[in-house]
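Data block below; observations after.
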Amino acid sequence: MNIVVFIKQTFDTEAKIVLDASGKIDANGVNLIINPYDEYAIEEGIRLKEKNGGEVTVVSMGGSRAQEAVRTALAMGADKGVLVSDPGLENTDEFGRAQILAKVVADIPHDVILAGRIAIDDGASQIAVRLAEALSIPSVSSVIKLEVAGTQATATREIDGGTELIEVSFPAVFTAQKGLNDPRYPSVAGIMKAKKKPLKSLTLADLGFSAGDLKMVINQYSLPTPRKAGRKIDGEPAQAASELAKLLREEAKVL
Amino acid sequence: MAKGIMIIVEQRNLQVRKVSLELLSEARKIADQTGESVVAVVLGQGIDELAPTLAASGADKVIVIDDAKLAEYSTGAYTSVLNKIIRKEEPQAVLLGNTAAGKDLAPRLAQRLGIGLASDCTGMEIDSANFLTFKRPIYAGKAFAHLTSNVRPIMATIRPNTFPVTPPDAARQAEVVKEAADIDQADLTAILKEVAIAASKRPELTEANIIVSGGRGMKGPENYSILEDLADVIGAAVGASRAAVDSGWKEHKFQVGQTGKTVAPTLYIACGISGAIQHLAGMGSSKFIVAINKDPEANIFNVADYGIVGDLFEVVPLLTEEFKKLVNE
Ligand SMILES: Cc1cc2nc3c(=O)[nH]c(=O)nc-3n(C[C@H](O)[C@H](O)[C@H](O)COP(=O)(O)OP(=O)(O)OC[C@H]3O[C@@H](n4cnc5c(N)ncnc54)[C@H](O)[C@@H]3O)c2cc1C
Ligand SMILES: Nc1ncnc2c1ncn2[C@@H]1O[C@H](COP(=O)(O)O)[C@@H](O)[C@H]1O
């Protein structure tokens, strides 16, 4: 079974967001991690390989530091890595990025494509579904259980207030939601092995793209107005509860 | 912008979802300013009777696509039908709710149409040239991106609870058009085997007006009953921090935060939650925040409009009694 896993390197969830002099998100000094949902995707890919044989290729697009993310995935047990890195990526949006990633996949044998439900940085829950469309194959979003039999999969997906059970034939894209599995940590042996695993670098030109087909334009970034500490209500619990109820009705007018 | 703002309406069991009514209400306001028309598109089976509701909520035109194959949401069939409707109608803008179905449908539809998509927006405005601009939270609400596009239609999914619902006007009329479901066989590749909706008398977390959330301070799953009692008095949803979810006290679907749900209710009541940055990311845009925590130094107090320093096991039941009094007044 040939498995392709898409991973993005994102800011650590602890990161505080500030804007730089040009009004863009400042990445200076920020810790980078593998997008948490993509860890479930990697783990699922490795488990599918362990059960069914085959190969797991990890694909990431980003700056040169994204190599670390790919190496981590290789250390967890993936077999090969591909990194798409190009200054021209600055000027792409979700539409273009999905086209580029679809081109990468087209050259790799694939039965199962795994991605995260959302990238927790500027992610929009778009890339994986757009990628499936670009490849004209089905996708199942927000998967919490994946069962594979032959060339078919039954996926349980989370919907508002419940779940759906969906059957698809390969090739197909699945996006991972928390609950799918518990991702493993790379072992020391895994980290050593990862150093020797193949990691291919590609530019936009290698893939036949020239940058700059923006469908959506970001005019500016802004930061939320910081919340201020409000009022602490003192007194005995009974008195405080009564005071709070009164404030919610009369001052906040929310009850 | 004469061609209109198109709202893809979501319905479940013949109930129009609240977020769709929110979108119709806001689109109506914008349309009235720009001389635009509002087009509602609704897909499903046996849905004729929804047209008057959509007209009353602001639609000038209602397109009904009624077919057994559309009874339940499916990515392929819905994309197939809507792609054709949008190409035919050529609207200026297409709006969907950022629900499970909206999140799944919008990117595929956008890719097929060769257009951009502003996801999970919490703001929509018109600029001086009558172009729509969208505001969307990034980094789980730690920043915002402001987007627009020259490509038409401009497409966006809007987070539930972003806009108020205007009371329906039963006198409003709309042109009602029935279209056949033209589904390409190639789009029917995923087969829906089963839908399981958990019975719950409480509102969906992302749609709730009030949320009562419990963290590690709840000490165990059995204690959530005191939050549920409080929630039921005021019609609230119940949420949880990741610490509570990781302890196995609550399912992940109840988790609020950077790796859970992002919520923006009118009132968020945090009980036994310390206020970690990842939790605040998910609920920081709530209109009012109440914190109940026994640690006066807890970070949650730095963002709470009202706080009670105390033992939640004492305070919450008392608050339930106070709310009962208010509701019965
Ligand atoms: C990658 C990543 C993603 C994350 N995503 C999320 C996320 O989506 N959502 C999320 O919530 N967290 C998330 N976290 C975890 C986050 O960092 C915190 O660990 C978590 O929010 C803490 O939960 P808590 O406030 O319930 O627990 P704690 O921090 O342990 O706080 C418990 C609070 O309860 C109070 N308390 C205890 N007993 C009582 C009592 N009897 N009465 C009143 N108060 C009491 C204590 O004073 C304390 O303030 C994430 C972390 C990482 C690394
Ligand atoms: N630059 C990227 N490189 C590789 N995979 C990506 C990239 N961006 C997004 N993805 C994948 O698509 C998923 C959804 O991302 P997004 O649409 O940005 O929220 C992520 O969890 C990744 O699996």
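Values in this text are rule-based calculations from the coordinates and carry no lab data. As the structure is a prediction and not an experimental result, all values here were calculated from the model. Don't worry about glycine lacking a Cβ; one is built from the backbone with ideal geometry, like all the others, and counts go over all protein chains shown.
At-a-glance table
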quantity	calculated
Note, ³J(HN,Hα) from phi for the range B:240-255, Karplus 6.51, -1.76, 1.60, rounded to Hz, x at Gly and Pro	8, 7, 5, 4, 5, 5, 5, 6, x, 7, 9, 6, 4, 5, 8, 6
Computed P(r) (all Cα pairs; chain B; 20 Å bins; percent)	30, 52, 18, 0
Among beta bridges that DSSP assigns inside the protein assembly as shown, antiparallel share in %, nearest 5	35 percent
Label point distance in nm, A:Ile191-B:Lys325, each placed 7 Å from Cα along Cα→Cβ	6.0 nm
Amide H contacts under 5 Å for A:Phe6, placed H, 5+ residues apart	A:Val59, A:Leu114, A:Ala115
Simple label model, 7 Å out from Cα along Cβ direction - A:Ser201 to A:Asp12, nm	2.6 nm
Sparse-neighbour loop sites [GluC sites (Glu not before Pro); the range A:1-61; at most 13 other C-beta within 10 Å; DSSP]	A:Glu14
C-alpha center-to-center spacing [the range A:1-74, the range B:273-329] in angstrom	35 Å
Of A:Pro87, A:Pro224, A:Pro171, the one that fluctuates the most in a GNM where chain A has Cα springs shorter than 10 Å	A:Pro224
Loop-resident sites, the range A:35-73, for trypsin sites (Lys or Arg not before Pro), counting at most 12 other Cβ within 10 Å (DSSP)	A:Arg65
Long-range Cα-Cα pairs in the protein assembly as shown (distance over 40 Å), rounded percent	27 percent
Bins of 5 Å, starting at 0 and running to the largest distance - Cα pair percent for the range B:186-318	2, 11, 21, 24, 20, 9, 4, 3, 3, 2, 1, 0, 0
Measure of compaction for the range B:5-187 (Cα Rg per 2.2 N^0.38 Å)	0.96
Rg over Rh, two decimals, the range A:2-207 (C-alpha only, Kirkwood Rh)	0.95
Using alpha carbons only: equivalent-ellipsoid semi-axes of the range B:48-136, gyration tensor based, whole Å	23, 18, 13
Residue among A:Leu135, A:Leu114, A:Leu165 with the largest mean-square fluctuation in a Gaussian network model of chain A, springs linking Cα atoms under 10 Å	A:Leu165
Using a Förster distance of 60 Å, the FRET efficiency for B:Asp232-A:Glu55 (Cβ separation, nearest 0.05)	0.70
Calculated Rg and Dmax of the range B:194-255 using C-alpha coordinates, Å	11.5, 37
Within straight-line cross-link reach of A:Lys246, lysines at Cα separation under 20 Å, skipping those fewer than 8 residues along the same chain	A:Lys232, B:Lys287, B:Lys324, B:Lys325
Trypsin sites (Lys or Arg not before Pro) restricted to the range A:156-255 and DSSP loop, no more than 12 other C-beta within 10 Å	A:Lys195, A:Lys196, A:Lys228, A:Lys253
Distant-in-sequence amide H partners of B:Gly97 (H built 1.01 Å from N, under 5 Å)	B:Ile158
Distance between the range B:149-197 and the range A:119-191 - C-alpha centres, whole angstrom	24 Å
Estimated dipole of the range A:14-87 in Debye, rounded to 20 [Cβ of Lys and Arg +1, of Asp and Glu -1, Cα centre]	80 debye
